[in-house]
Amino acid sequence: MAGRFLLGETSAGSVPFLARQEAPEAALSRLLRASARLSALASFLDGLTLPSRISAVRSLSRRELVLLWEVAARGRPPPWSVRLFYPEDFPRRLTFEWVGLEAGHLFLHEAARRFTRGPAPDELVGHDPSVPWPAGPGYFRVRASPARAGDVFFDYSDVPRRAPPGWPAPRTNEHGLASLAYGNRRDHVRAVGSHVAVGRAHDLAGRPLRRWLVLARSEVLPFGA
């Protein structure tokens, strides 16, 4: 695939025994139904190949997505930071895409987020390429939680003034159709291993909303994608 490469691939020999005996989608579902610990889920997902990991994450039901968040929220978070979404050993001018699912009270659909570095040294900017223009582009900044180590926020109230080169023009998330998707919203996100993150939306006062998100690392795109 010209201009693109994949991050997070593993060899077939590194896939846990569990995954070799059944499809990754069925294995992940069974682990969640069996109340597996966060460490077991992380180990399982880290051991999959990138395509299998994405397929497993996108096979989750709404209830299973909520279960994954509940396990991550209860577990002790690993020492991670916003760099999960854009590793520091990569050059600045790239776009990292993560794909997965988003669920609400009455819906479940495929989702994606794209990330690139902002002008400040530790600044990470994202947007939602899976939402059409009337509601998009769904800009946000990625921030480490000052109150709880291991938590990261996608803050949709903090929209950059300027778009990274090649990205859509920023606009507020507090008006029009954008407000229905992103208004008064901040996703609290936790890692599940090295290549998956799960989150739940909260309002800006910290109250949980009935919206959940799971993402798996996908492609590294040319800057401006």
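The values are calculated or read from the model by the stated rules, or taken from the named source; none is laboratory data. Keep in mind the model is a prediction, meaning the values are calculated, not measured. Don't worry about glycine lacking a Cβ; one is built from the backbone with ideal geometry, like all the others, and counts go over all protein chains shown.
Scanning the range 164-193 for residues that are buried (at least 16 other Cβ atoms within 10 Å of the Cβ) and either closer than 14 Å to residue 80 by Cα or among the aliphatic types (A, V, I, L, M) (or both) yields a total of 8. Checking each residue in the range 95-113 for being of a type in the set (Gly, Ala, Ser), surrounded by fewer than 19 Cβ atoms within 10 Å (Cβ to Cβ) and part of a strand (DSSP E or B) picks out only 112. The conditions of being within 15 Å of the chain's Cα centre (by Cα), at pLDDT below 85 and either basic (Lys, Arg) or under 23 Å from residue 201 (Cα atoms) (or both) are met by residue 82. A count restricted to the range 183-225 and to residues that are of a type in the set (D, E, K, R) and within 11 Å of the chain's Cα centre (by Cα) stands at 4. Annotation: of all residues in the range 201-211 being touching an Asp or Glu at 6+ places or on another chain (Cβ under 9 Å) and more than 18 Å from residue 58 (Cβ to Cβ), the one that is surrounded by the most Cβ atoms within 10 Å (Cβ to Cβ) is 201. Restricting attention to the range 18-38, the residues being over 20 Å from residue 194 (Cβ atoms) and at pLDDT below 50 number 0.
The residues in the range 55-114 that are touching a Lys or Arg at 6+ places or on another chain (Cβ under 9 Å), under 15 Å from residue 29 (Cβ atoms) and of a type in the set (Val, Ile, Thr) can be counted, and the count is 2.
Looking across the range 147-176 at every residue that is touching a residue at least 40 places away in the same chain (Cβ under 8 Å), outside any loop (DSSP other than H, G, I, E, B) and out of contact with any helix residue (DSSP H, G or I) (no Cβ under 7 Å at 6 or more places or on another chain), the one that is farthest from residue 211 (Cα to Cα) is identified as 176.
Table: residues versus (1) of a type in the set (D, E, K, R); (2) touching a residue at least 40 places away in the same chain (Cβ under 8 Å).
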site: 47; (1), (2): no, no
site: 55; (1), (2): no, no
site: 74; (1), (2): yes, no
site: 86; (1), (2): no, no
site: 95; (1), (2): no, yes
site: 109; (1), (2): no, no
site: 116; (1), (2): no, yes
site: 123; (1), (2): yes, no
site: 127; (1), (2): no, yes
